[in-house]
Amino acid sequence: MRILYLYMYFVARQGHGMTRAYEFARRLIAKGHDVTMVTSAGYLPDEYKKFTRTTLIDIEGVPTLIIPIPYSNYMSFSQRLRAFFSFALAAAWNCMRRPADVVYASSAPLTIAIPGIAASVWQRIPMVFEVRDLWPELPIAIGALKNPAAIWAARALEWIAYHAARHVVALSPGQAEGVMRRGIDEKHITVIPNCADIDLFDVPESTGAPIRERLGITADQALIVYTGTFGIMNNVGFLVDIAKHMQTIAPDVRFLMIGSGGEFEKVEAKAREIGVLGVNAFIWKPAPKTEIPAVMSAATVATSLFLPVREMWNNSANKFFDALAAGRPIAINYGGWQAELLRETGAGLQISDTDAESAARDLAAFVSDADRVARARIAARELARTRFDRDLMADQLEALLRRVTGKT
C-alpha cells in the first residue's frame, strides 16, 4: 500500500514527544508498504527547522515531507490556531498531488482532517481518521475555547472529519464512545490505544544508576517521575504540591519532572517558591525518547497527571504506556478506563486529583510497601506484553488499512 500518514507533531526516537506515528510508520515500512509522513517541523530537532520550503527527507528510516510552518507549545491559543490552519492548507495542496492508496490523518489538531479530506476526495482514496483526543470537547471543558461561533465551527469540522472518514481509529474506549455520539456506527470505529515499546524500555536494572547518581539519591530511595508535556491540561504543578507535602510525610522520597511546554517556567517557579526545587523535587529540560528508558529504570513510580476535568478521563497518555513497557508502577490522578485497568491488575494506583496531601500519603504508603511495588512491576510488564505491545497494535493497524483499501 501507498500510505499518506498525516501528523503535525511527528517526532522520531531521537526527539522528544509522542512517537506513535514514527513507530507505526517504521513498522508499516518494514512490512513492505510505501509510507510518506506529512508533518511540520514543530517537534523535530532544530536541524529540521531551518527549511524555508516544503522538503522531503528521510528521518530515521521514514520518508518525511516537512511543511515549514512554525509551531510550539509556547504559542498562545490564537497563534496555534493560525499555525493549524496554515499547515492544513499547505498540507492539503501537497497531499492532493502525492499518489496514495489511503490517507491516514491523525488528530490533534482537528484541522488535520482538512488535508486528509482533500487528498481523499481529489485522489478518490479512503481516509482513516485517528482521534487522539476528543476535540473540541477538551478545549471547551477547560475554557480555552469560549467563542460560540468558534465552538460551532469546531464541532462542524469534527462532524465532517468523522463522516468523511471510511473508518475512525480511537485511542481509548471513551473516545470511541465520543465518536459514536457524533453519529458514527460502531462497526466503523476501531480502538487502537497508545502502545508499549518493550524493545526500547526493556533495559537492565543498572541503566537507571546514572540518573540516581545525578540526583544524589541512593538505590533504596523512592523516586517518583513525570516525563512529558508541561501544559495547562497536564497539571504538573499538582505534583509539585505533592512534593511539598511529602517533605513532612516521607522526607526521603524524591521527585523528578522532565519535559517542556507552556507551563514549564511556571511549574519551576512554583517549585522554587514553595521550597522543593533542588531539595526533594528536580525539574529537567526534555530528553530524547531514547534517554527516557534510563529515567524509567531509575524510577520507583511513574506518573500521569491531568486537570480535574472528567473529559480528560478518555485520554491515552503515552507516558502511561511507557511506564508499562518499563515494568514500572504508574500513579494517575484521574478516573476512567486506565484507572479501572490499574484496579483490575494492580499495576499502579489512582491518587486524588485535588487533594495533594492525600495524594502524597497514598504515594508514600505505596512506595514504602516493597511487596506491593514488586507485584505492580510484574503486572505492568505483563500488561505491556499481552495487551499493549507496539507490534501487536501495528499488526492491527495494518489489517485495518488493508481492509479499507481492499488490499487484503
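The values are calculated or read from the model by the stated rules, or taken from the named source; none is laboratory data. Bear in mind that the values here come from a model prediction, so they are computed numbers and not experimental data. Cβ sites come from the backbone with ideal geometry, for glycine too, and all protein chains shown count toward neighbours.
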| task | Filter the stretch 256-274 for residues that are over 18 Å from Leu215 (Cβ atoms), in a helix (DSSP H, G or I) and over 24 Å from the mean Cα position of the chain (by Cα) and give the result. | result | Ala269, Lys270, Glu273
| query | Checking Cys195 against (1) closer than 26 Å to Asp369 by Cβ; (2) surrounded by 19 or more Cβ atoms within 10 Å (Cβ to Cβ), which single condition isn't satisfied? | reply | (1)
| How many residues does the stretch 1-21 contain that are touching a Gly at 6+ places or on another chain (Cβ under 9 Å), farther than 14 Å from Ile57 by Cα and surrounded by 24 or more Cβ atoms within 10 Å (Cβ to Cβ)? | 3
| Selected residue (criterion: nearest to Ala281 (Cα to Cα)) from residues of the stretch 203-223 that are aliphatic (A, V, I, L, M) and out of contact with any Ser or Thr (no Cβ under 6 Å at 6 or more places or on another chain) | Leu215
| field | Hits in the stretch 122-167 (condition: in contact (Cβ under 8 Å) with a residue 24 or more places away in the chain, assigned to a helix (DSSP H, G or I) and farther than 27 Å from Phe306 by Cβ) | value | Trp122, Gln123, Ile160, Ala164
| Quick one: which helices (runs of 4 or more DSSP H) sit completely within the stretch 328-387 and have at least 3 residues that are outside the structural domain of Glu311 (by TED's automatic domain parsing), at pLDDT below 95 and out of contact with any helix residue (DSSP H, G or I) (no Cβ under 9 Å at 6 or more places or on another chain)? | none
| query | Only one of (1) out of contact with any Lys or Arg (no Cβ under 8 Å at 6 or more places or on another chain); (2) surrounded by fewer than 24 Cβ atoms within 10 Å (Cβ to Cβ) fails for Ala100. Which number is that? | reply | (1)
| message | Quick check on the stretch 38-49. Is at least one of its residues part of a helix (DSSP H, G or I), touching a helix residue (DSSP H, G or I) at 6+ places or on another chain (Cβ under 8 Å) and surrounded by 18 or more Cβ atoms within 10 Å (Cβ to Cβ)? | response | no
| task | Mind listing just one residue for me: the one in the stretch 296-342 that is more than 13 Å from the chain's Cα centre (by Cα) and among the basic types (Lys, Arg) and, of those, surrounded by the most Cβ atoms within 10 Å (Cβ to Cβ)? | result | Arg328
| query | Which of the following residues is in the same structural domain as Glu398 (by TED's automatic domain parsing) and either under 24 Å from Thr227 (Cα atoms) or assigned to a strand (DSSP E or B) (or both): Ile69, Ile57, Ile29? | reply | Ile57
| field | Selection count, the stretch 90-138, where residues are touching a helix residue (DSSP H, G or I) at 6+ places or on another chain (Cβ under 7 Å) and charged (D, E, K, R) | value | 2
| query | Restricting the first residue to the stretch 235-250 and requiring it to be in contact (Cβ under 8 Å) with a residue 60 or more places away in the chain, which pairs with a second residue that is assigned to a helix (DSSP H, G or I) and among the basic types (Lys, Arg) meet a Cβ separation below 8 Å and a spacing of at least six or different chains? | reply | His245/Arg361; Ile249/Arg361
| message | Looking only at the stretch 198-231, count every residue that is buried (at least 20 other Cβ atoms within 10 Å of the Cβ), aliphatic (A, V, I, L, M) and not in a helix (DSSP H, G or I) and tell me the total. | response | 4
